[in-house]
1. State whether the residues of segment 16-27 include one that is within 15 Å of I268 (Cα to Cα) and touching a Leu at 6+ places or on another chain (Cβ under 9 Å).
2. Looking only at residues that are part of a helix (DSSP H, G or I) and closer than 19 Å to Y29 by Cβ in segment 139-191, which one is nearest to the ligand (Cβ to nearest atom)?
3. Which one of these does A216 not meet: (1) in contact (Cβ under 8 Å) with a residue 60 or more places away in the chain; (2) over 20 Å from the mean Cα position of the chain (by Cα)?
4. So for segment 54-61 (the condition being more than 16 Å from the ligand (Cβ to nearest atom), open to solvent by 50 Å² or more (accessible area, probe 1.4 Å) and not in a helix (DSSP H, G or I)), does at least one residue qualify?
5. With (1) more than 15 Å from the ligand (Cβ to nearest atom); (2) in a loop (DSSP other than H, G, I, E, B); (3) in contact with a helix residue (DSSP H, G or I) (Cβ under 9 Å, 6 or more places away or on another chain) as the list, and G66 as the residue in question, which single condition is left unmet?
6. Starting from residues that are in contact with a strand residue (DSSP E or B) (Cβ under 9 Å, 6 or more places away or on another chain) and acidic (D, E), keep the ones in segment 83-134 and report whichever is farthest from the ligand (Cβ to nearest atom).
7. One residue is enough: does segment 75-87 have a residue meeting the conditions more than 30 Å from R248 (Cβ to Cβ), open to solvent by less than 20 Å² (accessible area, probe 1.4 Å) and part of a loop (DSSP other than H, G, I, E, B)?
8. For T46, indicate whether it is more than 8 Å from the ligand (Cβ to nearest atom), in contact (Cβ under 8 Å) with a residue 24 or more places away in the chain and either open to solvent by 60 Å² or more (accessible area, probe 1.4 Å) or out of contact with any Gly (no Cβ under 8 Å at 6 or more places or on another chain) (or both).
Amino acid sequence: MTRLKEKDIQKVVTRLAQYDAELISKTGYSLRSIATRAADRDLNTTLVAQPKIAVIPITSGQGIIGGFSETVAGILEYLGFSTFITKNYDIAGITEAVQGGAEVLFAADDNKFVAINLKTGAIADNSKATGKGYVTALDRMCNGLGEKHVLIIGAGAVGRGASGLIAKLGGLVSIYDISITASQVLVDELRRQGYPAKVETDLDYALSKHRVIVDASPAGNIIRPEYITEHTIIAAPGIPLGVPEEHRGRILHDPLQIGVATMCFEVI
Ligand code: 2YJ
């Protein structure tokens with residue numbers, strides 16, 4: 001799983017309005033609207049929900065990422081939620097959050113990033129939420145994923161979250177992963193649910209055949225520029241992309257915004 005770096009997120013908060021405007025121009029929908037749809041929630045319900053949210057910095061593993069908690073809190077504030085970052089870390093932070101009246105907690109270590117609603121017990125996982133949020137946006141960028149051939153690169157948690165929703169929206173899913181077994185497991189799971197799905201074993205061949213791509217792999221720059229044409233639409237959660245400026249309008253790529261927003265609406 002990719003660990004975010006301070007430089008990946010340092011400008012996120014100050015540029016949220018600009019980010020949202022770009023998202024609207026790409027998809028026709030705002031961050032709030034995409035995240036509410038991805039979380040299968042009613043927009044009006046999310047407009048009146050006012051839970052107090054706490055973000056807890058976590059020191060385990062590789063420790064605190066400079067600006068991480070601030071960025072998560074900034075995105076939640078932008079969406080209209082009253083949010084505070086605990087001064088204490090880890091368990092002391094959880095204690096402080098609960099004593100401070102938080103109803104929803106956000107916290108991440110190196111392997112897992114979750115939102116937990118203390119009242120309802122609802123839990124959102126960042127990888128799954130990110131997969132769903134990106135697919136919801138991708139669906140709008142393609143004028144509907146129905147009958148579209150979609151290549152998912154990476155059969156990890158984000159790829160899994162993405163594949164289920166693409167299939168549900170009528171997209172025809174192909175999976176490429178460096179582990180053919182991982183691709184096969186996911187394809188079998190989709191087929192068991194009655195969806196058509198297939199394994200791709202040659203990434204170059206798969207890229208040459210697909211115009212709609214979800215890059216859910218932890219490796220950067222996996223899609224070589226020669227495969228990006230004026231017809232290609234790419235959703236690339238959190239992955240560094242060396243994509244020429246002229247193609248950016250059809251590429252969706254952010255380090256945290258869609259995932260955090262979707263997690264929030266999943267638990268409220
Ligand atoms: O609290 C902190 O500052 C750190 N413990 C944050 C760690 C953030 N975690 C990651 O970047 C992991 N790769 C997990 C992210 C899940 C992405 N789906």
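The values are calculated or read from the model by the stated rules, or taken from the named source; none is laboratory data. Values in this document were obtained by computation on a predicted structure and should not be read as measured data. Here the Cβ is made from the backbone with ideal geometry for all residues, glycine too, and neighbour counts use every protein chain on show. Calculation scope for accessible area: heavy atoms of the full protein, side chains included, ligands and nucleic acids excluded. Shrake-Rupley method; radii C 1.70, N 1.55, O 1.52, S 1.80 Å.
1. no
2. The extreme case among them is G161.
3. That leaves (2) as the condition not met.
4. No: segment 54-61 contains no residue that is more than 16 Å from the ligand (Cβ to nearest atom), open to solvent by 50 Å² or more (accessible area, probe 1.4 Å) and not in a helix (DSSP H, G or I).
5. Failed condition: (1).
6. Filtering first and then ranking leaves E103.
7. The first filter runs over segment 75-87 and keeps only residues more than 30 Å from R248 (Cβ to Cβ), leaving 82, 84-87.
Subset that is open to solvent by less than 20 Å² (accessible area, probe 1.4 Å): 86.
Still in the list and also part of a loop (DSSP other than H, G, I, E, B): 86.
Among the residues of segment 75-87, at least one is more than 30 Å from R248 (Cβ to Cβ), open to solvent by less than 20 Å² (accessible area, probe 1.4 Å) and part of a loop (DSSP other than H, G, I, E, B), which makes the answer yes.
8. Spelling it out, T46 is indeed more than 8 Å from the ligand (Cβ to nearest atom), in contact (Cβ under 8 Å) with a residue 24 or more places away in the chain and either open to solvent by 60 Å² or more (accessible area, probe 1.4 Å) or out of contact with any Gly (no Cβ under 8 Å at 6 or more places or on another chain) (or both).
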